[in-house]
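Enquirer: Once you've had a glance at the structure underneath, I'll fire off some questions.
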Amino acid sequence: MSRSLLEQRLQKPIGAPKPLGSYKPSDVVFLLKDLSDVQLERGTEDREEAIQSGVHYSEMLPVEYQPTPEYIQLFHQTLTESAKRVALAAGIVAEQVVARSGKQTVLVSLARAGTPIGILMKRYIAERCGLDVPHYSISIIRGKGIDENALLYILQQHGPEAKLQFVDGWTGKGAITQVLIEACNTFKQKYGTQLDAELAVLADPACSSSIFGTREDFLIPSACLNSTVSGLMSRTVLRGDIIGPDDFHGAKFYKEWMKDDLSNHFIDTVSAYFSQISQQAKQEAVKLMNEKAEVTWQGLKDIKAIQKLYGIEDINLVKPGVGETTRVLLRRVPWKILVDRLDNQGLQHILLLASDRGVPVEVFPELTYSCCGIIKPKNKKADIAASAEEEAV
């Protein structure tokens with residue numbers, strides 16, 4: 001009997017990854033090609049124009065925002081206030097994953113927002129469930145898919161029977177969920193093996209996942225910063241001239257910012273609460289599994305309503321939720337920020353960043369999320385709509 005295509009492919013060696021990032025090697029293995037010596041950064045305005053002119057966002061990197069001392073202080077304040085809440089959400093989602101996959105669990109975080117969440121889950125599972133599960137961080141890119149070489153490497157290491165659990169930080173519109181579903185379907189068509197496309201997230205305000213710690217749109221401190229709370233890793237890059245067919249997707253390791261790194265501080269601070277929240281996490285996880293939370297995609301419906309109201313043709317210019325709004329303010333050219341209310345204590349860093357960048361903030365009372373970032377449209381038709389709206393306000 002001839003071997004399956006997957007069996008044949010797994011016989012072809014894939015080069016072991018080189019150590020990357022500032023996390024402990026026992027916490028995560030980055031399946032990424034080191035592009036630290038490649039000049040990939042472009043200024044915010046230049047990058048925004050390129051993206052909206054058709055250049056894929058994964059072919060370049062933003063210049064990393066260097067936070068002010070006031071902003072760093074806010075990060076520490078937020079971490080102090082929310083660490084136990086983050087620990088509980090991480091415990092709840094980890095308990096569900098272990099109940100689903102047990103000893104065969106392999107955590108596969110989607111770089112880079114998923115990585116610290118995957119580490120928290122790995123530590124929780126080790127401390128409270130007594131299992132040392134493998135944890136990898138790999139690239140997935142909207143419009144291009146998941147890193148197939150990384151998936152094959154994981155299956156080489158742990159066998160085709162391994163239960164891969166994909167992990168991300170939060171859901172915005174649910175776009176990455178859709179990319180993951182398509183990627184797993186493509187993998188099955190090619191190799192005859194179905195990977196579980198159910199994404200586990202800390203927070204699911206978009207209602208696009210059934211494995212989550214909470215559906216509240218609250219501030220996860222790891223969303224406040226860029227690489228300095230993500231293992232000093234950039235977002236991932238996929239460009240044909242620097243990533244070959246046998247390579248993993250790429251990323252930069254910003255070693256020069258080691259003195260400013262808060263990645264392990266975030267993990268250690270949250271992990272310290274695991275013993276306090278484990279009993280509640282188990283109870284909440286059982287409750288969620290029994291209730292079988294429905295995936296309604298309500299977040300996407302709300303975003304389409306905002307898109308229609310503000311005359312924005314490209315849905316990718318609307319970024320909902322605390323995490324995505326933070327990214328808009330750090331990496332893109334914002335037009336305006338919508339918030340559910342100005343006295344929302346979870347939005348202090350959003351208001352600070354908006355003030356720092358001179359971005360107007362509007363109250364949008366019917367917002368499902370805590371906030372929403374709208375990127376400034378560059379095309380003429382959208383600019384006219386934007387100008388008309390600004391004049392009306």
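Enquirer: For the stretch 5-291, with all protein chains present and a 1.4 Å probe, just round the carbon and sulfur fraction of the accessible area to a whole percent.
Expert: 48 percent
Enquirer: Order these peptides, 76-86, 171-181, by their mean beta-carbon neighbour count within 10 angstrom, highest first.
Expert: The most tightly packed comes first, giving 171-181, 76-86.
Enquirer: What does the accessible area per residue of the stretch 298-388 come to in Å², with a 1.4 Å probe and no ligands, DNA or RNA counted?
Expert: 43 Å²
Enquirer: Out of all DSSP beta bridges with both ends in the chain, state the antiparallel percent to the nearest 5.
Expert: Percentage antiparallel, nearest 5: 35.
Enquirer: With a point put 7 Å past each Cα toward its Cβ, work out how far Ser4 is from Glu41 in nm, to one decimal.
Expert: 4.5 nm
Enquirer: Where the centre of each part is set by its Cα atoms, how far does the stretch 253-271 sit from the stretch 297-324, in angstrom?
Expert: The two parts, judged by their Cα centres, are 32 Å apart.
Enquirer: Separate question: Take each complete run of DSSP H in the chain, measure how far its Cα atoms stretch along the helix's own axis, and keep only those covering 20 Å or more with mean Kyte-Doolittle hydropathy at least -1.0; list them.
Expert: Membrane-span-like by this criterion, though nothing is claimed about a membrane: 69-101, 114-129, 175-191, 274-291.
Enquirer: To continue, here is another question. Kindly report the accessible area of the stretch 5-291 per residue (heavy atoms of protein chains, probe 1.4 Å, no ligands, DNA or RNA), in Å².
Expert: Heavy-atom accessible area per residue stands at 40 Å².
Enquirer: Okay, moving on. Less than 19 Å apart at the alpha-carbon level, and either on another chain or at least 8 residues along: which lysines does that give for Lys255?
Expert: List returned: Lys18, Lys24, Lys33.
Enquirer: Further, regarding this structure: Per residue, how much space in cubic angstrom lies within the convex hull of the C-alpha atoms of the stretch 298-388?
Expert: 89 Å³
Enquirer: Further, regarding this structure: Please compare each pair in Lys163/Lys252; Lys84/Lys287; Lys122/Lys287; Lys163/Lys287; Lys144/Lys304 to a cut-off of 25 Å on the Cα-Cα distance and tell me which ones are over it.
Expert: Table pairs above 25 Å Cα-Cα are Lys163/Lys252.
Enquirer: In percent, what relative contact order does the chain have, based on Cα pairs under 8 Å that are 6 or more apart in sequence?
Expert: 20 percent
Enquirer: Any chance you could check the Cα centroid distance between the stretch 146-210 and the stretch 26-56 for me, in angstrom?
Expert: First find each Cα centre; the distance between them is then 22 Å.
Enquirer: Sticking with this structure for a sec: Does the stretch 46-174 classify as rounded, prolate or oblate by the C-alpha gyration tensor (a ≥ b ≥ c root eigenvalues; a/c under 1.5 gives rounded; else a/b over b/c gives prolate, otherwise oblate)?
Expert: Since a/c reaches 1.5 but b/c is at least a/b, the shape of the stretch 46-174 is classed as oblate.
Enquirer: Computed over the Cα atoms of the chain, what is the convex hull's projected area averaged over all directions, in nm²?
Expert: 19.4 nm²
Enquirer: Turning to a different aspect of this structure: So for the stretch 5-291, taking the charge dipole from beta-carbon charges (+1 Lys/Arg, -1 Asp/Glu), which of Pro160, Thr186, Ile146 sits furthest toward the positive end?
Expert: Result: Pro160, furthest along the dipole toward the positive end.
The values are calculated or read from the model by the stated rules, or taken from the named source; none is laboratory data. The structure displayed is predicted, hence computed values, not measured ones. Positions of Cβ are generated from backbone atoms using ideal geometry, with glycine treated the same way; all protein chains shown enter the neighbour counts. These area figures cover heavy atoms from the full protein model, side chains too; ligands, DNA and RNA do not enter into them. Shrake-Rupley method; radii C 1.70, N 1.55, O 1.52, S 1.80 Å.
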